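Only the coordinates and a few stated rules stand behind these numbers; no lab work does. Keep in mind the model is a prediction, meaning the values are calculated, not measured. Quick reminder, even Gly has a Cβ in these numbers, built from the backbone with ideal geometry, and neighbours come from all protein chains shown.
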Amino acid sequence: MFKVEKLVAVVALAAVLGATGCANTVISEATQAAWEDRLAEDQIVDMKIKYGIVKRWSGRDKNLLVYVNADVWEQRVMLTGVLDNTKERTAVVALANQDKRIKIIHSMIQIVTAEQKELRRKQAENKDSGEKSGFGQAVSDFWIETKIKAKLLTKSGITSVNYRWRSVLNKIYIIGRAKSSKELDDVLDIVRQTEGVKSIKHFVRIIPVAGS
């Protein structure tokens, strides 16, 4: 499917989902859909899976979306964030896993103290400030995510829209696809060299693009 056709299809779905109250979780991803190497069909299914997860989480507790995130790539789901008890984490993962289209769930949600969880909330509320530190962290998770995005966008040979990444307590989690082992190595090197990063765990599959 051509890029324009992909964009029209995915944005149309995003508009429908956005109208049902999930605009912030889908519109931003739809705008970059045309440049990804995912098939349009996968993009649409992934968006529906993510919307379903967010809706179920919101139904349990709308504040959950402050603490946990779901990123979906070709029906593989990466859950990240922080919670302060294992029972809640089990429930959150179970809600995410209700969609039979999901191939696998990588649950990276960390258990923290109630104080750390509250600091995470304050940091999330302040994420657009551009501040490097604060709320219990020498280097903010959201500052790190922004720096990674800027570096990947400007690195030749990396299709940054094929990756999703999250920083949680300075630990980086990545899901997506790479065109080659070299591209993946370059991505990991960039992340590793970003200030504040303590560790990296990735769920990236290497899938050469047809015709490349």
In segment 66-212 the DSSP beta bridges are antiparallel at a rate, in percent to nearest 5, of 50
Hull volume per residue for segment 165-212, using the convex hull of the C-alpha atoms, in Å³ is 60
Along principal axes, largest first, the alpha-carbon spread of segment 103-212 in whole Å comes out as 50, 32, 20
Karplus-derived 3J(HN,Hα) from phi for segment 57-70 (6.51 cos²θ - 1.76 cosθ + 1.60, θ = phi - 60°), whole Hz, x at Gly and Pro, runs 5, 4, x, 7, 6, 4, 6, 4, 5, 6, 9, 10, 9, 10
Rg (one decimal) and Dmax (whole number) from the Cα set of segment 3-206, in Å, equal 16.5, 47
Inter-part gap, Cα centre of segment 69-110 to Cα centre of segment 141-212, in whole angstrom, is 20
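Going by how many other Cβ atoms sit within 10 Å of their own, how do Glu125, Glu36 line up, fewest first?
Values: Glu125 11, Glu36 22.
By the 10 Å Cβ count, ascending: Glu125, Glu36.
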In vacuo Debye sum over C-alpha of segment 52-129, base-10 log of normalised intensity I(q)/I(0) at q = 0.12, 0.19 Å⁻¹, listed in q order, is -0.33, -0.79
Residue separation between Asn97 and Ala210 times 0.36 nm, minus their alpha-carbon distance, gives in nm 37.6 nm
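What is the extension gain from Ile200 to Asn63, computed as 0.36 nm multiplied by their sequence separation minus the C-alpha to C-alpha distance, in nm to one decimal? Display every interim value, and only then the final one.
Details: separation 137, 0.36 × 137 = 49.32 nm, distance 2.69 nm.
Full extension of this stretch gives 46.6 nm more.
Counting other beta carbons within 10 Å of each Cβ, put Lys198, Lys127 in order, fewest first. Please list the in-between numbers first.
Numbers: Lys198 11, Lys127 15.
In order of increasing Cβ crowding within 10 Å: Lys198, Lys127.
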